[in-house]
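S.K.: One structure is given below, represented as structure tokens, and several questions about it will come after.
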Amino acid sequence: MNFEFEWNSIMFLIPSLFMFCCGVYGFLTRRNMIAILISLELMLNAVDMNFVVFNRFLYPGQLDGMFFTLFAIAIAAAETAIAIAIIINAFRISRDIDVKDLSKMKF
Amino acid sequence: MDSVGSLILYFVVAFAIMVFSVLAVTTRKILRSATFLLFALFATAAVYFMLGYQFLGAVQIAVYAGGIVVLFVFSILLTSQPGDNAKPLASKKRTLGFLGAIAMFVICAWALVDRVAMLVNIPEMEEHTMHKIGEALMGTGHNQYLLPFEAISVLLLACIIGGIVVARKKND
């Protein structure tokens, strides 16, 4: 069976771009703070994927992209933990986590 | 990596990434949104495995899918009733967000196809053993990452303390 096939970096970058754009859409339109955070995670994840794909296609002998992704995952975890702590605190204050109703911190 | 099977696997994974990320941002139930995010993260881990970064795929599953999604689910259950639906969006805002995302997708996809599409044929890569990864993570030389590793550990400690201070009940 003759099966000629070429992997192209586009094949991985387009799904990643699509994921990022979904994150942008969610970030712009959702109003629940946790939903906004989920969109943010999608965007971070898409960027992580790009690091890995470019590392694999351009410099397969090195590990730089992989370590960037590793540290990005760790920072994403830290950021999520803090953001959720803030969201829970905001929920305690106003019993709601809709961004439209959170106007107490406005000055 | 050149068989028909890996191509089929690729299409399944790419399809899963697209479908689950769309569902994660469009579904009205917030708990379902977190579940779809989990599936999208799993699909990303599958991409890492396909590209040969087994360690990274394992970290992705352990930290993202195992840690962050659980955190999401807990905070969702703490802040909303399980049956809650999100209010429908104002159609103007939705149109605006949709147009923004589509415009961004078209422009970036055009740039990618125009500039990056010549990166074909995944080059050969020797397997990254745990030994090699560990040395790169723990060394101070060229292409070694001890300093960011330590900085991340300090950041995580600060984040633990900050999380506790922000989220604890204040009974004074």
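Bear in mind these aren't lab numbers, they're just calculated from the coordinates by the rules spelled out. What you see is a predicted model, and the numbers here were worked out from it, not measured in a lab. Neighbour counts run over all protein chains shown; Cβ positions are idealised from the backbone, glycine included.
S.K.: Among A:Val47, A:Ala81, A:Phe5, which residue has its Cα positioned farthest towards the positive end of the charge dipole of chain A, with +1 placed on the Cβ of Lys and Arg, -1 on the Cβ of Asp and Glu, and the dipole taken about the Cα centre?
M.R.: The Cα lying farthest towards the positive end belongs to A:Ala81.
S.K.: Taking the inverse of the average 1/r across all pairs of different Cα atoms in segment B:1-127, what Kirkwood radius in Å do you get? Mind dumping the intermediate values first?
M.R.: Working: mean 1/r = 0.0579 Å⁻¹.
After inverting the mean inverse Cα-Cα distance, the result is 17.3 Å.
S.K.: Oh, and also: Counting pairs of alpha carbon atoms under 8 Å apart in space and at least six apart in sequence, what relative contact order in percent does chain A give?
M.R.: Relative contact order comes out at 25 percent.
S.K.: With charges set only on the Cβ (+1 for Lys and Arg, -1 for Asp and Glu), what does the dipole of the protein assembly as shown come to about its Cα centre, in debye to the nearest 20?
M.R.: 1860
S.K.: Find the centroid of the Cα atoms in segment A:4-82 and in segment B:1-25, then give the distance between the two in whole Å.
M.R.: 15
S.K.: Given the alpha-carbon gyration tensor of the protein assembly as shown, what are the semi-axes of its equivalent ellipsoid in whole angstrom, ordered largest first, with each equal to the square root of 5 times an eigenvalue?
M.R.: 34, 25, 15
S.K.: Now a separate question. What ranking do B:Thr79, B:Thr140, B:Thr95 get, fewest neighbouring Cβ atoms within 10 angstrom at the top?
M.R.: B:Thr140, B:Thr95, B:Thr79
S.K.: So, one more: List A:Thr29, B:Thr35 from most exposed to least, where exposure is judged by having the fewest other Cβ atoms within 10 Å. Don't skip to the answer; put the middle values down first.
M.R.: Working: A:Thr29 22, B:Thr35 17.
Fewest-to-most Cβ neighbours within 10 Å comes out as B:Thr35, A:Thr29.
S.K.: Sticking with this structure for a sec: Counting partner chain Cβ atoms within 10 Å of every residue's Cβ in B:15-22, what's the average?
M.R.: Taking the mean over all residues of the peptide, I get 5.
S.K.: State to the nearest 20 debye the size of the charge dipole of chain A about its Cα centre, where the only charges are +1 on K and R beta carbons and -1 on D and E beta carbons.
M.R.: 660
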